[in-house]
Amino acid sequence: MLSPTANPQFEVRTATEEDLDALVAFNGRVFRPSAGVWTRSLLTGGRPGTSIRHFLVLEDRATAQIVASLCMLLQEWNFGGVSIPVSQMELVGTDPNFRGRGFMRMQAMRLAQMERAERCLLSCVQGVPGLYQKFGYEYAIPLKGGTRISLEKVAGCGSSRIPQPGRVLSFRRAVAADYPALVPFYTEATRSMFVSSSRTAALWAYQDGQPDDSEHAIETYVLEEGAQIVGYFRLRQSSKLNAMVLREAQAQTWDGWWAALKAAFEAAAASGFNSLLLQLPRTNPLHQTAQYAGGDEIPPFAWQVKVLDWVEFLNRIAPALEARMAASLFANWTGSIVVRLRDATTLHLGFDQGKLKVRADGQAGASDGVDATVGMFTQLAFGYRSSEDLLRWHPDFRVARSIHFALDTLFPKLPSYVYETY
Ligand SMILES: CC(C)(COP(=O)(O)OP(=O)(O)OC[C@H]1O[C@@H](n2cnc3c(N)ncnc32)[C@H](O)[C@@H]1OP(=O)(O)O)[C@@H](O)C(=O)NCCC(=O)NCCS
């Protein structure tokens, strides 16, 4: 494998404005043409927090060609009401003629420095199974999945609905002026999630502004009763999945949910698809509706995440953790949980009358606590797996009886869903 100093012919550097066209061409070639279009959107379409300096390129100095690249997409995630800065590693590609030479790893090392400089507490990635665990990432948040339902079965979704005479709902494409009013609906749609991505009006406008041939082109529709906004939904066509994808939906009444579903159905039929893919969290009412109407569940994949600083991260989300304890038998608890991470530092989670303070604990000691790998603890802390799941699947995950009840109260299994921010 090459290291940055081993061969000066290949240099990792931050991209500049002059690289724009070459980057678009590179990603269009290594992934798909739509990824090239998306690259241009990311760099010129006003995505909040993205600029050319968030792209790395690895250049062959002999030919001045880009042979590998990746980028970081900065975003904010909401953890039970606490905002956490996150970096997403994206568009990770190496020219097929240059693979297996350590070029991705060289860039990943540089990315880690950029994440520290941007004060990110978390790094996340989608993508190739098996690849990112080599870089310290762990599956921890449901991603996509949903229900596929044929158009004949969609009609059955409305069967238990009680129509409300006199209420007339309509829908239309969202325009720029709608986004500020839609943000509270998104907040409502993600309220029951422990982890979700934050959405601003500016991010919404960027996403909807992508050209139709972009990898992540999406359309937002506003649900209205008279002139009042009562919900929204988002659609994207996927020839790859051979379906119209209903990506997000939020409404206030059965009629509203049904209007969103019917509109998605009509859009699917008009585009020649014979099924709808409801890419929604399991908690969304339309997910359940489609299940009862005979839709086929598609298990979600998962976001892979890496906590960049455990002490800082846990202290930041302490208000959400303290609230869980306060609402339980452990209200005003004084006590501690020691988490011995086999491949990282030991953490000391100390409660003093309900207030949490986390610190790195130099001495792993023999005190009662939790023994886990970073991956296992990540899944527990994100509410993705319960301690019971982990105990069942990993013989090397251990929890002392004396703190087990407190641990489960602090880290229960919880629903999460992170919508992409691009
Ligand atoms: C995935 C890809 C970026 C790897 O680039 P690369 O420059 O060949 O990677 P490296 O040589 O730096 O390898 C880095 C590590 O990843 C591993 N790796 C590479 N491709 C892998 C794969 N498909 N699955 C599992 N591990 C993989 C290597 O074994 C290596 O491990 P090591 O450092 O522990 O030995 C490249 O194959 C590619 O562009 N693929 C097509 C686009 C893609 O799928 N991108 C990722 C999804 S966004």
For this session: Scan the stretch 20-48 residue by residue and report those that are surrounded by fewer than 22 Cβ atoms within 10 Å (Cβ to Cβ), of a type in the set (Val, Ile, Thr) and either away from the ligand (no atom under 12 Å from the Cβ) or in a loop (DSSP other than H, G, I, E, B) (or both).
Result: Val24, Val37, Thr44
Problem set entry | Check on Met114, outside any loop (DSSP other than H, G, I, E, B), within 16 Å of the ligand (Cβ to nearest atom) and over 18 Å from the mean Cα position of the chain (by Cα) | no
Seminar exercise, completed: The residue that is modelled with the lowest pLDDT, considering only those in the stretch 1-19 that are within 16 Å of the ligand (Cβ to nearest atom) and surrounded by 19 or more Cβ atoms within 10 Å (Cβ to Cβ), is Phe10
Exercise. Which one of these does Met72 not meet: (1) modelled with pLDDT under 95; (2) of a type outside the set (Ser, Thr, Tyr); (3) surrounded by 18 or more Cβ atoms within 10 Å (Cβ to Cβ)?
Worked result: (1)
Exercise. Of these, Ser170, Ser150, Ser196, Ser192, which one is crowded, with 18+ Cβ neighbours inside 10 Å, closer than 24 Å to Leu276 by Cβ and small (Gly, Ala, Ser)?
Worked result: Ser196
Exercise. Of the residues Phe103, Phe26, which single one is in contact (Cβ under 8 Å) with a residue 60 or more places away in the chain, of a type in the set (A, V, I, L, M, F, W, C) and out of contact with any helix residue (DSSP H, G or I) (no Cβ under 9 Å at 6 or more places or on another chain)?
Worked result: Phe103
Problem set entry | Members of the stretch 189-224 that are part of a strand (DSSP E or B) and either at pLDDT below 95 or of a type in the set (Gly, Ala, Ser) (or both) | Ser196, Ser197
Exercise. Before we move on, is Leu91 within 30 Å of Ala320 (Cα to Cα) and either aromatic (Phe, Trp, Tyr) or in a strand (DSSP E or B) (or both)?
Worked result: no
For this session: Being farther than 25 Å from Val128 by Cα and in the same structural domain as Ser150 (by TED's automatic domain parsing) narrows it down to one of Gln237, Gln250, so name that one.
Result: Gln250
For this session: Check whether at least one residue in the stretch 326-335 is more than 22 Å from Val195 (Cα to Cα), among the hydroxyl-bearing types (Ser, Thr, Tyr) and surrounded by 15 or more Cβ atoms within 10 Å (Cβ to Cβ), and report yes or no.
Result: no
Exercise. List the pairs whose first member sits in the stretch 128-154 and is assigned by TED's automatic domain parsing to the domain that holds Val245, whose second member is at pLDDT below 95 and within 9 Å of the ligand (Cβ to nearest atom), and whose Cβ atoms are under 9 Å apart, counting only residues at least 6 apart or on separate chains?
Worked result: none
Problem set entry | Breaking point among (1) assigned to a strand (DSSP E or B); (2) touching a Ser or Thr at 6+ places or on another chain (Cβ under 9 Å); (3) of a type in the set (A, V, I, L, M, F, W, C); (4) within 14 Å of the ligand (Cβ to nearest atom), for Leu74 | (4)
Problem set entry | Output for the stretch 117-126, where each listed residue is in a loop (DSSP other than H, G, I, E, B) and more than 14 Å from the ligand (Cβ to nearest atom) | Glu118, Arg119, Cys120, Leu121
Exercise. When you scan the stretch 49-88, how many residues do you find that are of a type outside the set (D, E, K, R) and more than 23 Å from Ala112 (Cβ to Cβ)?
Worked result: 8
For this session: Scan the stretch 336-360 for residues that are within 30 Å of Lys134 (Cα to Cα), touching a strand residue (DSSP E or B) at 6+ places or on another chain (Cβ under 6 Å) and surrounded by fewer than 17 Cβ atoms within 10 Å (Cβ to Cβ) and jot them down.
Result: Thr345, Arg359
For this session: Please specify each residue of the stretch 49-62 satisfying the condition of being crowded, with 22+ Cβ neighbours inside 10 Å and in a helix (DSSP H, G or I).
Result: His54
Problem set entry | Filtered residues of the stretch 127-162 (kept if assigned to a strand (DSSP E or B) and among the small types (Gly, Ala, Ser)) | Ala140, Gly146, Ser150
Seminar exercise, completed: Of the residues in the stretch 94-105 that are more than 7 Å from the ligand (Cβ to nearest atom) and in a helix (DSSP H, G or I), the one that is farthest from the chain's Cα centre (by Cα) is Asn97
Seminar exercise, completed: Within the stretch 269-289, the residues that are on the phi > 0 side of the Ramachandran plot and outside any loop (DSSP other than H, G, I, E, B) are none
Exercise. Exactly one of (1) out of contact with any helix residue (DSSP H, G or I) (no Cβ under 6 Å at 6 or more places or on another chain); (2) modelled with pLDDT of 95 or more; (3) over 30 Å from Glu322 (Cα atoms); (4) within 12 Å of the ligand (Cβ to nearest atom) is unmet by Phe135. Its number?
Worked result: (1)
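The values are calculated or read from the model by the stated rules, or taken from the named source; none is laboratory data. Because the structure is predicted, anything quoted here is derived from the model rather than measured. FYI the Cβ positions are ideal-geometry reconstructions off the backbone, even for glycines, and counts take in every protein chain you see.
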